[in-house]
1. Out of all the residues in the stretch 199-227, which are closer than 25 Å to Pro421 by Cα, aliphatic (A, V, I, L, M) and open to solvent by 30 Å² or more (accessible area, probe 1.4 Å)?
2. Given the condition open to solvent by less than 80 Å² (accessible area, probe 1.4 Å), modelled with pLDDT of 90 or more, assigned to a strand (DSSP E or B) and within 30 Å of Ser238 (Cα to Cα), answer yes or no: does some residue in the stretch 362-382 qualify?
3. Which one is farthest from Ser32 (Cα to Cα), of the residues in the stretch 53-77 that are modelled with pLDDT of 95 or more and assigned to a loop (DSSP other than H, G, I, E, B)?
4. How many residues does the stretch 417-460 contain that are crowded, with 19+ Cβ neighbours inside 10 Å, outside any helix (DSSP H, G or I) and in contact with a Pro (Cβ under 7 Å, 6 or more places away or on another chain)?
5. How do the pairs read when you match residues in the stretch 47-65 that are over 19 Å from Glu31 (Cβ atoms) with residues anywhere that are of a type in the set (Ser, Thr, Tyr) and modelled with pLDDT of 95 or more, using Cβ under 7 Å and keeping only pairs 6 or more apart or on different chains?
6. Out of (1) open to solvent by 90 Å² or more (accessible area, probe 1.4 Å); (2) farther than 24 Å from Thr120 by Cβ; (3) assigned to a loop (DSSP other than H, G, I, E, B), what's the single condition that is false for Lys80?
7. Give Ser365, Ser352, Ser445 a once-over and let me know the one that is free of Cβ contacts under 8 Å to residues at least 60 places away in the same chain and under 30 Å from Lys121 (Cβ atoms).
8. Considering only residues that are open to solvent by 90 Å² or more (accessible area, probe 1.4 Å) and under 18 Å from Asp69 (Cβ atoms), which ones fall in the stretch 30-44?
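The values are calculated or read from the model by the stated rules, or taken from the named source; none is laboratory data. In this text the structure is predicted, and so the values were computed from the model without any measurement. All Cβ positions, glycine included, derive from the backbone under ideal geometry; neighbour counts span all protein chains shown. Accessible surface areas use protein heavy atoms only, side chains included; no ligands, DNA or RNA. Shrake-Rupley method; radii C 1.70, N 1.55, O 1.52, S 1.80 Å.
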Amino acid sequence: MREDNSLDTIAAISTATGEGGIGIVRLSGRESLTIANKIFVGLDKIKPTRFKSYTMHYGKIMDNKKIIDEVILTVMRGPKSYTRQDVVEINCHGGVLSLRKILELTLKHGCRLATPGEFTKRAFLNGRIDLAQAEAVIDIIRAKTDSALKISLGQLNGSLSSEINKIRKGILDILVILEASIDFPEEGILPQDKSDLSLGLNAIDAQLNALLNGASRGRILREGLHVVICGKPNVGKSSLLNALLKIERSIVTPVAGTTRDTIEEMIDIKGIPVRIVDTAGILKPRDLIEKLAVKRSREHIKLADLVIILFDASSKLDEQDWRLIREVKNKHVIAVINKIDLKARIEKDKISREFKRVVQLCAKSAKNINLLEDAFYDFVYQGKLPGGEFMLVSNLRHIHALQDAQKLVRQARVIGADKLPVEFIAQNLKDACVYLDKILGKNFSEDLMDRIFTDFCIGK
């Protein structure tokens, strides 16, 4: 059994490490105000335990008679607070030393240092938010684009939880009828043809399918689209990376093999976070460094969501080009014909036969670079205009749980069609509810809690 420390009063620095205009030390727990009494002295000498909720007070943090800092102290009494406990926030100057001294003072007077994500964990355990909403907090912090932020905010506001609860209610409505027919078979509650049951299961399957259909797009918007630029030496890979970044990130020279290792950057392309990798173009390594670079390039290609294979418009396709074409054959690919400002010699028709997506541009001048950005956008949205993105499922844990629930619902539908006993259908639907409950945190293990909340920063 783990020790229950949920009643401890915890404290942590809730702002980023480093110098800043303002820093915040946050306390949560039943002793928060009492501890604030011992270290805060306001102008009017009134103790924080007498402050009204949602009020801010100017004063000083004192260690005995020694002034630590001038601060603004905020009081939020439970249960109407982030953690549903009494919360005190000390807004001080954002220097590392000031923050550390105030935190140490709270620990000296009875606080315990918070573990990563413990404030949000308490919000979940105290019923203020469900587990899906708790996970959205870290996604908001890590959001790299407006689209990713929009998904996370929607999840925090309960949009995903609401949909899960609707599906769960639909399953429970069917289970009520099934259980009644099992307990009271003489009443004839369940129709002999089970047509209503089949319609209900079809509707639930459709709801699960609607959530899962946008899952790959949601994951990309949450984690980023992993894109790898590949091509033979001197086709302009580094120039293309620079054109997409709109800065001179990679060294560009006429010498083949200038890039001897992978270069990674994160960029925002039309609201899509793109983790783009420029790979070494050396196909026949001359030394150990180049051999390792080629190996790393191939590993990136293997793991990529999308590969950009680059060709030189001024050169005919050669064996090196065809070797790369074969290597990326089973990947999602955008073929880019670069150097269109030069006299064309490349066999464009052959490239078009190999790849569905072909873009022609000049990386050096960034001509037509917008066409490549459009191709990224089309790949993610598959020709559909983005809408209702706040409803996209983006968390891998949620995706797996929804897939498991859908599998059980579909098995229940098959069981019903085969006219097997309704007890089998009922058990499948109960198991499907278990997977949905895991998303919301209606049932959870300590190990799951550890995995989720240790990803948080301390102080959130």
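1. Leu199, Ala203, Ala206
2. Checked the stretch 362-382: at least one residue is open to solvent by less than 80 Å² (accessible area, probe 1.4 Å), modelled with pLDDT of 90 or more, assigned to a strand (DSSP E or B) and within 30 Å of Ser238 (Cα to Cα).
3. Going through the qualifying residues, I end up with Tyr54.
4. So the count comes out to 1.
5. Close Cβ pairs satisfying both conditions: Met56/Thr74.
6. Of the numbered conditions (1) open to solvent by 90 Å² or more (accessible area, probe 1.4 Å); (2) farther than 24 Å from Thr120 by Cβ; (3) assigned to a loop (DSSP other than H, G, I, E, B), the odd one out for Lys80 is (2).
7. Among Ser365, Ser352, Ser445, only Ser445 is free of Cβ contacts under 8 Å to residues at least 60 places away in the same chain and under 30 Å from Lys121 (Cβ atoms).
8. Listed by number, the residues that qualify are Lys38, Leu43.
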